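Reviewing the structure listed below.
The values are calculated or read from the model by the stated rules, or taken from the named source; none is laboratory data. Every value quoted in this text rests on a predicted model; they were computed, and no experiment measured them. Glycine also receives a Cβ, built like all others from the backbone with ideal geometry; neighbour counts cover every protein chain displayed. The protein model used for the area step is the full one, side chains on, heavy atoms only, and it has no ligands, DNA or RNA in it. Shrake-Rupley method; radii C 1.70, N 1.55, O 1.52, S 1.80 Å.
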Amino acid sequence: MTLPTPPQPLTFPALTFAKLAPRPFLTAHLTSPSGPLRPSGRLPSQPRAPTCNAGSLTHANGSAVVRCGDTAAVCGVRAEILKVDDVAGYEGREVEDGGDEDGDEDGEEDEEERRSEEREPKRRRNDRDDLARLMLLVPNIELATGCSPAHLPGGPPSVLAQTLTQRVMRLLLTGDMIGLEPLRIWFRPTEGAAGATGDERIGGDGGEMEARRAGDEDGIAKAEVKAFWVLYIDVLFISLDGNAFDAAWFAILAALRDTLLPRAWWDADREMVLCSDEVAEAGRLVVRDVLVPLSFGVFEGEGMGVGEEGREEGKGRWVLVDMDGFEEGLCREEGTVVVGEGGRVVRIEKSGGLGVGVGEMTGLVELAVKRREEWMRVLGML
């Protein structure tokens, strides 16, 4: 006689439980007796490990592919020329020629260096103003690539994509990461395309050459900025599983550090900018500082009933850094901390609540400093 099969207990896979009751599912992980662990196995203060592959796109001036967990993005930087004549109402500031000149004496060099350090804060403010006014940094973030079920290909730019683009733009302009000098294209009367000087330079007319021989300073053309490099920064998400801003910024940072700008000069005869085809003459874009963001969210458990001691279980609040897509849908309060060299706090963004106090924010800044060291190791800077 065949014995009846005992009934199997009703169980659900973890993924099904997460879809049916996401908040209790996350609460159960964070209130585990063995310690708070997220469904991904990370601690609340543990971000995902980043990876980076720079120079992936051969047709771009700079590029990078980055990955943080299941979030992956590719960034390409394309440099184009903007002539000052094409800028409506352009009024150039008085700037020093970026060319190299030898000082006369050590004392004069020291005095000039001291004055240059005193002028540096004002110069950087002017650079930020000109970068914004001339729109020399143009980021764009594309999510309609099928990177997630919420962002199908072929659709219009989503609210998230536009918000990310604006946040990246603000950080590029206020973070003082890119200076204006590497983007200037100069016309130097004493320097030609092949390094010629004096009468042999390109663009010298007869009247100016005669003035140069006679030592007439008023008749000699002076160095001036004739054009700028405009950097178009495009980010495409291959896969999106939360924390899009950090991944997009990491891709932009790696691509900017990989960017090469051709040697360019102004040809006065043709009234146009010429560029050298020699790769060896191209210059690496100078990135002043490595700015690293750390995004976080505050998860509040709604409780899982009364426990044995009469206390409500599952009631609590946890700060989760580098959230994945599942966790982002459960956190009402979110924010981002951006730090630079020496632990300098560049920017703090927060929205959705008042759960994060001064003590927790201090801890997040310390985590951001550690995150910056991790990024620099991935970029090969440590």
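The set of residues in segment 326-349 being within 22 Å of Arg42 (Cβ to Cβ) and surrounded by 14 or more Cβ atoms within 10 Å (Cβ to Cβ) consists of Phe326, Glu327, Glu328, Leu330, Cys331, Glu333, Glu334, Gly335, Thr336, Val337, Val338, Val339. Can you find even one residue in segment 31-46 that is among the charged types (D, E, K, R), open to solvent by 30 Å² or more (accessible area, probe 1.4 Å) and part of a loop (DSSP other than H, G, I, E, B)? Checked against the condition, which is being among the charged types (D, E, K, R), open to solvent by 30 Å² or more (accessible area, probe 1.4 Å) and part of a loop (DSSP other than H, G, I, E, B), segment 31-46 yields no hits at all. Screening the candidates Thr174, Thr165, Thr259, Thr197 for the property of being polar (S, T, N, Q), surrounded by fewer than 17 Cβ atoms within 10 Å (Cβ to Cβ) and either modelled with pLDDT of 95 or more or in contact with a Ser or Thr (Cβ under 9 Å, 6 or more places away or on another chain) (or both) yields one hit, Thr197. Evaluation of Ala88 against the conditions (1) in a loop (DSSP other than H, G, I, E, B); (2) modelled with pLDDT of 85 or more; (3) hydrophobic (A, V, I, L, M, F, W, C) shows that the sole unmet condition is (2). Annotation for segment 36-43: no member residue is in contact with an Asp or Glu (Cβ under 7 Å, 6 or more places away or on another chain), under 30 Å from Gly283 (Cβ atoms) and not charged (D, E, K, R). Taken over segment 47-64, the criterion of being over 20 Å from Leu367 (Cα atoms) and open to solvent by less than 50 Å² (accessible area, probe 1.4 Å) is satisfied by Cys52, Gly55, Ser56, Ala60, Asn61, Gly62, Ser63, Ala64. In segment 299-354, the qualifying residues are those that are in a loop (DSSP other than H, G, I, E, B), among the aliphatic types (A, V, I, L, M) and at pLDDT below 85, and the one that is nearest to Lys370 (Cα to Cα) is Leu354. Here Asp246, Asp234 are screened, and the one residue that is touching an Asp or Glu at 6+ places or on another chain (Cβ under 8 Å), part of a helix (DSSP H, G or I), surrounded by 16 or more Cβ atoms within 10 Å (Cβ to Cβ) and modelled with pLDDT of 95 or more is Asp246. Selection of first residues in segment 265-278 that are modelled with pLDDT of 90 or more and of second residues that are among the hydroxyl-bearing types (Ser, Thr, Tyr) and exposed (fewer than 14 other Cβ atoms within 10 Å of the Cβ), restricted to Cβ pairs under 6 Å at least 6 apart or on distinct chains, gives an empty result.
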